[in-house]
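J.: Sending over a structure as structure tokens; questions will come in a sec.
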Amino acid sequence: MDPDPDKRYFKTIPLALLFVIAGCRQIHGTDPQTDSLQNKIEYPVKTDPNTFIDPDTVGKRTLYLTFDDGPNKGTPTVINILKNEKVPATFFLIGMHVKDMPVSKKWMPVLRAMPNVVLCNHSFTHGYKNCFNKFYADIPGSENDFKRCRDTVLFTNQIARTPGNNIWRTPKFTQTTFERYKPACNNIKDSGFILIGWDAEWRYRSTKLVQSVDQMEKDIETLYTDKENRCPNHCVLLMHDLTFNDVADSTNLQQLIHRFKENPLYRFDVVTNHPFVKR
């Protein structure tokens, strides 16, 4: 008598049938390598114009991709990358660019229709065309500049980013770059705007990116472990549309997004869902 009845049973199965069973196991995902490919990360799905839902946000590091100064020549490239990667992002638009830039007529309707994009205010003149001291010294004028941008672009939210300075005025957090800018920023906030700055910046010089993809990835990851981070587990990344008009730099943007998509610790969202913004 065979001491192991299971062994006796398997002796009756033809060898060919065992190969079929093994093949089915791999097809149905029991093979570890196949499992790793099938367990793809799910990214936020939009349910209304300003809300994204991630099924598993607990303990995740949220990365907010934000692009300033559009629309401009680099905006179409950014749009195509976001469409291909299917990640949410926020654009801070300049009113006079929306009104006068040649790319605006074609690409503004595309931006408005994208289900994973939120559009926010970056002032009408970008601080009187980068004359920041003059802009912030003109308290009623700076307020009106944001209102003019709002009325030109017809935003669906009150979120704005001040030009040239990392300034925060939210229900839960306040920060000013320079003391002399406080009166203007407080006035802009009091007129109904929520001002969002940034935590990390992909800097540029003459429209060329300064940091490599490796360095930018390291800068962002380091921020999440920094006890002094403004909002734990949240990073607002500042970028500029214009820098991605260049083919090499647009490839860098794709690579950076890929790296964080492949890391299960991370998720993407828009600034309307940032904890400082939500009341």
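The values are calculated or read from the model by the stated rules, or taken from the named source; none is laboratory data. Values in this document were obtained by computation on a predicted structure and should not be read as measured data. For neighbour counting, all protein chains shown are included, and Cβ atoms are generated from backbone atoms with ideal geometry for every residue, glycine included.
J.: Restricting to helices (runs of 4 or more DSSP H) lying wholly in region 102-185: which have 1 or more residues that are under 27 Å from residue 275 (Cα atoms), touching a Leu at 6+ places or on another chain (Cβ under 8 Å) and of a type outside the set (Lys, Arg)?
T.: Result: 102-113, 139-153.
J.: Then there is this: (1) modelled with pLDDT under 95; (2) of a type outside the set (Ser, Thr, Tyr); (3) more than 17 Å from the chain's Cα centre (by Cα): which one isn't true of residue 232, the others all being true?
T.: (3)
Residue-by-condition table, conditions (1) assigned to a helix (DSSP H, G or I); (2) in contact (Cβ under 8 Å) with a residue 12 or more places away in the chain; (3) surrounded by 14 or more Cβ atoms within 10 Å (Cβ to Cβ):
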| site | (1), (2), (3) |
| --- | --- |
| 217 | yes, yes, yes |
| 222 | yes, no, no |
| 228 | no, no, no |
| 259 | yes, yes, yes |
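J.: Then there's this: If you take the residues of region 178-215 that are without any contact (Cβ under 8 Å) to a residue 24 or more places away in the chain and under 27 Å from residue 262 (Cβ atoms), which of them is surrounded by the most Cβ atoms within 10 Å (Cβ to Cβ)?
T.: Going through the qualifying residues, I end up with 211.
J.: For residue 279, only one of the following conditions fails: (1) assigned by TED's automatic domain parsing to the domain that holds residue 88; (2) out of contact with any strand residue (DSSP E or B) (no Cβ under 6 Å at 6 or more places or on another chain); (3) among the charged types (D, E, K, R). What is its number?
T.: (1)
Yes/no per residue for (1) among the polar types (S, T, N, Q); (2) closer than 27 Å to residue 126 by Cα; (3) within 19 Å of the chain's Cα centre (by Cα):
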{"site": "181", "(1), (2), (3)": "no, yes, no"}
{"site": "185", "(1), (2), (3)": "no, yes, no"}
{"site": "197", "(1), (2), (3)": "no, yes, yes"}
{"site": "209", "(1), (2), (3)": "no, yes, yes"}
{"site": "240", "(1), (2), (3)": "no, yes, yes"}
{"site": "253", "(1), (2), (3)": "no, yes, yes"}
{"site": "260", "(1), (2), (3)": "no, no, yes"}
{"site": "265", "(1), (2), (3)": "no, no, yes"}
